[in-house]
Amino acid sequence: MFDELSQRFEDAVKGLRGQAAISETNVDGALRDVRRALLEADVSLPVVKEFIEEVRRKAVGAEVVRGVSPDQQFIQLVHAQLVETMGGANAPLARAAEGPTVILMAGLQGAGKTTATAKLGLHLKEQGRRPLLVAADIYRPAAIDQLQTLGRQIGVEVFSLGSETSPEAIAAAGVARGREEGFDTVLVDTAGRLQIDTAMMEEMVRIREASHPDEVLLVVDSMIGQEAADLTRAFHEQVGITGAVLTKLDGDSRGGAALSIRKVSGAPIKFIGTGEKVEALQPFHPERMASRILG
Ligand code: GDP
């Protein structure tokens, strides 16, 4: 993996060769190249700037380890910093101490929320858990049908009260049903809007207050790239998120959104979506994403 990276950074890190320590001047060119790679991966600019400064702080004055060339050492440092920034290791889903674990799925319309709700349901079922899906997206006419169809497909029960009841009442009733019938996880699919708006945020807060979630997962389409920073900030400040699901990584996105989400909110990305099928969900691994972002 480092071979691939060093190929890309070959020119930029040439100046580091033969040095006993990495200095301010000889690291500049290499940092410029890292900056370019991050911007090409569509990481938001303030996030890039902060990241570069962190790497600079760590790189300058670092003693070159015997047996490792300074350029390789620099690349490893960048890679390690990316992994650390994205949380180091995979972060598992929270579990309630008693009663069903409640997970709210939030995000913009089209991000892949309904699909991710079913994907997570299948993932949990395959682990021997007993999930219940709750259809609280009452505005997009097809959303309830879509969740019911997916639920049948994966053999997981879907709770719905139609589209005439408020989303917070549906969420509360869904959690109550989950508790009464011994489900161990309740996944609530909520409504998104085309863009961030006050009505959506206020509704999310009402749903949160009605359902006392253990997790609020922000579902983010990886194709939105640097816009993920503002989106995450808005959801985190107004609703409070505990994690994220990054979708559509089977597309050509370099995954820069992953770095922005984590940097802005501190919340870990827990899963990635890699296709339209219900099986296309994987736990998020910072290592793999770091390589993808650097390209
Ligand atoms: P919602 O409005 O947030 O509930 O979004 P949906 O779950 O309805 O998904 C919107 C579209 O994105 C649908 O056509 C999904 O099939 C598609 N989609 C969701 N997740 C993925 C993914 O990981 N990869 C790809 N290629 N498509 C996805």
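The values are calculated or read from the model by the stated rules, or taken from the named source; none is laboratory data. Source: prediction; values computed, not measured. Ideal geometry is used to build each Cβ from the backbone, glycine not excepted, and the neighbour counts take in all protein chains shown. Protein only, heavy atoms only, side chains kept; ligands, DNA and RNA dropped before computing areas. Shrake-Rupley method; radii C 1.70, N 1.55, O 1.52, S 1.80 Å.
List of remarks:
- Mean projection of the Cα convex hull over all viewing directions, computed for the stretch 28-177: 13.5 nm².
- Overall Cα dimensions of the stretch 130-231 - principal axes, largest extent first, Å: 42, 29, 26
- Packing around the peptides 166-179, 50-63, taken as the average count of other Cβ atoms within 10 Å per residue, puts them in this order, highest first: 166-179, 50-63.
- Legend: calculated FRET efficiency, residue 176 to residue 288, from the Cβ-Cβ distance at R0 = 30 Å, rounded to 0.05, equals 0.15.
- 222 nm mean residue ellipticity, helices alone, for the chain (DSSP H n ≥ 4; -39,500 (n - 2.57); rounded to 500): -15000 deg cm²/dmol
- Across the stretch 187-295, Cα-Cα pairs more than 15 Å apart make up 63 percent of the total.
- What a 1.4 Å probe finds exposed on the stretch 86-211 is 49% carbon and sulfur by accessible area, rounded to a whole percent.
- Normalised by 2.2 N^0.38 Å, where N is the number of residues, the C-alpha radius of gyration of the chain stands at 1.12.
- Computed over protein heavy atoms with a 1.4 Å probe, the accessible surface of the stretch 206-275 works out to 34 Å² per residue.
- Here the Debye sum runs over all C-alpha atoms of the stretch 193-252 as equal scatterers in vacuum, and log10 of I(q)/I(0) at q = 0.14, 0.24, 0.30 Å⁻¹ comes out as -0.41, -1.06, -1.37.
- Separation in nanometres of the label points that stand 7 Å from Cα toward Cβ, at residue 25 and residue 193: 5.5
- Separation of alpha-carbon centers, the stretch 140-194 and the stretch 32-101, rounded to whole Å: 38
- Length added when fully stretched, residue 184-residue 166, from 0.36 nm per residue minus Cα-Cα: 4.1 nm
- The residue among 268, 286, 149 whose Cα reaches farthest toward the positive pole of the charge dipole of the chain, with charges on the beta-carbon of Lys, Arg, Asp and Glu, is 286.
- Surface per residue (accessible, 1.4 Å probe) for the stretch 110-160, Å²: 40
- Each residue, residue 279 and residue 60, gets one label point 7 Å from its Cα in the Cβ direction; the gap between the two is 5.2 nm.
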